[in-house]
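Just so you know, all these numbers are worked out from the coordinates, no wet-lab data involved. All values reported here derive from a predicted model rather than from experimental measurement. We place every Cβ from the backbone using ideal geometry, glycine too, and count neighbours over all the protein chains shown.
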Amino acid sequence: MPDFAYTARNMDGQQVTGTISASTEREATALLSSQDLFPVQVKAGRASAEGRAYRVRPKVMAAIYGQLAALLRSGVPLLRSLDVLREQSSNAVVVALLNDVHDRVEDGATLADAMARHPKAFNELAVSVVRAGGEGGFLEEALDRIAIYTEQQDELRSRVIGALAYPMFLAVVGTVIVNVLVIFFVPKFETLFSRLEERGELHWITKWLIGLSHMMQTYGLIIVAGIILLGFFLRSRLATDEGRMLLDRWRLMVPQASTIYLNLAVARFCRVLGTLLSGGVPIVRSLEISADATGNRILAGAVRDAAENISAGESLAAPLAANGHFPKNVTEMIAVAEESNTLDTVLKHIADSLERETWRRLDLFVRLLEPLMLLILAGVVLIVVIALLLPVLKMSMAI
C-alpha cells in the first residue's frame with residue numbers, strides 16, 4: 001500500500017506533518033479526518049509517486065496518446081476512454097499501467113497526476129504537457145502533440161541505430177576473425193618456421209605475429225578479464241558527476257562525430273521546448289524540463305542559465321550563444337523568434353532542420369565508415385597472410 005505525505009492541523013490548530021498508508025489520496029484524507037486531523041495538503045510519497053516501474057516502448061506510448069486523443073475528441077469521457085484502451089490492448093504491461101491510471105483518475109486524481117506515478121512510461125515532458133492541456137481545456141491537442149513528438153523521437157532513434165548496425169556488425173565479425181586466425185591458425189605454422197628462425201632468416205613481421213599468437217594464447221583470458229574490469233571501472237566512473245561531465249565535454253570535442261551529437265542534442269532541446277510552449281507550459285518550467293532533454297550537462301547548464309535570465313526578464317538567446325556550443329544560426333533564429341513572439345513554432349522548425357541535416361551527415365558518415373571498416377579488416381587479414389607466406393616463399397626459393 002502506498003504512503004502519502006500530509007500536512008494537517010489538529011483540534012488545537014497546531015500544524016502536524018507525517019506519512020500515512022492508504023490505497024488512494026481520497027482514502028488518506030478520510031483516514032486523517034477520522035483521526036481528528038484537518039488535512040491541509042496530502043500528496044503521494046516517493047514510493048507512491050513512482051509507482052511500479054512499467055516500461056513501455058515509445059512506439060506503443062505514441063499509439064496510446066494518439067488513440068486517447070481521438071477518443072476524447074469524439075466526445076468519449078476520460079474514464080471510458082481509458083477503459084476502451086485497456087480492453088483493446090493485448091500487452092499485459094500496458095493493461096496494468098492503464099488500470100492504475102484509470103483507478104487514480106476514478107479516485108479524483110487528474111490525468112497528469114496519475115501519469116506522474118509512472119515516470120518510466122510517462123516522461124516528464126508528457127506529464128507537463130498533459131497537465132497544461134488539462135488545466136487549459138485543450139487536453140486532446142496536448143495528447144496529439146505528445147504522440148507526434150514521441151513518434152518522431154522513436155523514428156529518429158531507430159534510424160540512427162539502423163544506420164550504425166552494419167558497421168558495428170563488421171567490427172564484431174572482424175575482431176572475431178582476426179582473433180581466430182592469430183590464436184588457432186598461426187600456431188600450426190610455427191614448427192614449419194623453426195628452422196628459419198634458428199638460422200636468423202625469419203622475417204620480423206612473422207616473428208611479431210608468432211609472438212602475438214603466444215601472448216594471446218597465454219594471456220588471452222587475462223586480457224579479456226582486464227577489458228571487462230576496465231569496462232566496469234569506466235562505467236562506475238561515469239556514474240559520478242565528475243565522470244559524466246568529462247564524458248559530455250569529450251562528446252563535444254570529437255571531430256566530425258561531435259557535430260552529429262551536438263545537432264541531435266540541440267534538436268531534442270528545441271523540439272521539447274517547442275512542444276512544451278505550444279502546450280501552454282510556462283517558459284521557465286519548460287526550460288527546466290528541456291534542459292535534461294539535451295542529454296549533455298554542459299548544454300543543460302546553458303539552458304538553466306537561460307531560465308534564470310528569463311526569470312530576470314532577459315532574453316533566452318543570449319546565454320545560449322554565450323555557451324559557445326549552440327550553433328550560431330540556432331541562437332540567431334531564437335533571438336528573432338523571441339522578438340516576433342513565435343518561439344514555439346520556430347523551435348519546432350529548428351528541430352526539423354537540424355534533424356534533416358544530422359541525418360544527411362550521419363548517412364554520409366556511415367557510407368564512408370562501411371568501406372573503411374572493410375579496408376581495415378582486409379588489411380589486418382592481409383598482414384596475417386603475408387606474415388605466413390613470406391617464410392613459405394623463402395623456403396621455396398631455397399629449395
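Using alpha-carbon positions, what is the distance between the centroids of region 89-125 and region 332-378, in Å?
34 Å
Taking the alpha-carbon distance from residue 43 and a cut-off under 27 Å, which lysines remain once sequence neighbours fewer than 8 residues away in the same chain are dropped?
Answer for residue 43, where 27 Å is the Cα cut-off: 120, listed by chain and number.
At 7 Å along Cα-to-Cβ for each site, give me the label-to-label distance between residue 163 and residue 252 in nm.
Inter-label distance under the simple model: 2.2 nm.
For the chain, return all DSSP H helices satisfying: extent of Cα atoms along own axis at least 27 Å; mean Kyte-Doolittle hydropathy at least 1.0.
TM-like helix candidates: 204-238, 257-278, 343-398.
Taking N as the number of residues in the chain, what value does Rg over Cα atoms divided by 2.2 N^0.38 Å take?
Compactness ratio reported: 1.40.
Relative contact order for the chain: what is it in percent, counting Cα pairs under 8 Å that are at least 6 residues apart?
Dividing the mean separation by the residue count of the chain yields 14 percent.
Among 7, 191, 275, 294, which comes first, second and so on when ranked by fewest other beta-carbon atoms within 10 Å?
Going from least to most buried by this count: 191, 7, 294, 275.
Convert 10 °C to kelvin, take the viscosity as 1.306 mPa s, use the Kirkwood radius over C-alpha pairs of region 84-229 as Rh, and evaluate the Stokes-Einstein diffusion coefficient in µm²/s, rounded to a whole number.
Using the Kirkwood radius from Cα pairs, D works out to 74 µm²/s.
If you look for lysine pairs in region 153-399 that are eight or more places apart or on different chains, how many of them have Cα atoms under 28 Å apart?
4
Among 184, 290, 254, whose Cα sits farthest toward the positive end of the charge dipole of the chain (+1 at Cβ of Lys/Arg, -1 at Cβ of Asp/Glu, about the Cα centre)?
Farthest towards the positive pole: 184.
Quick check for me: using +1 on Lys/Arg Cβ and -1 on Asp/Glu Cβ, what's the dipole size of the chain about its Cα centre, in debye to the nearest 20?
It works out to roughly 1540 debye.
What FRET efficiency, computed as 1/(1 + (r/R0)^6) with R0 = 41 Å and r the Cβ-Cβ distance, is obtained for residue 43 and residue 323, rounded to the nearest 0.05?
Computed FRET efficiency for residue 43 and residue 323 comes out at 0.70.
Using Cα-Cα distances under 8 Å and only pairs 6 or more residues apart, what relative contact order does region 81-155 have, in percent?
It rounds to 17 percent for region 81-155.
Any chance you could run the full-extension gain for residue 221 through residue 382? It's 0.36 nm times the residue separation minus the Cα-Cα distance, nm to one decimal.
That works out to 55.4 nm of additional length.
Sorted from largest to smallest, which semi-axis lengths in Å does the alpha carbon gyration tensor of region 55-161 give for its equivalent ellipsoid, taking the root of 5 times each eigenvalue?
21, 16, 13
Taking the chain as a Gaussian network, where each spring joins two C-alpha atoms under 10 Å apart, which residue of 199, 268, 145 fluctuates the most?
199
Which value in deg cm²/dmol, rounded to the nearest 500, describes the helix-derived mean residue ellipticity at 222 nm for the chain, given -39,500 (n - 2.57) per DSSP H run of n ≥ 4 and division by the residue count?
Rounded to the nearest 500, it is -24500 deg cm²/dmol.
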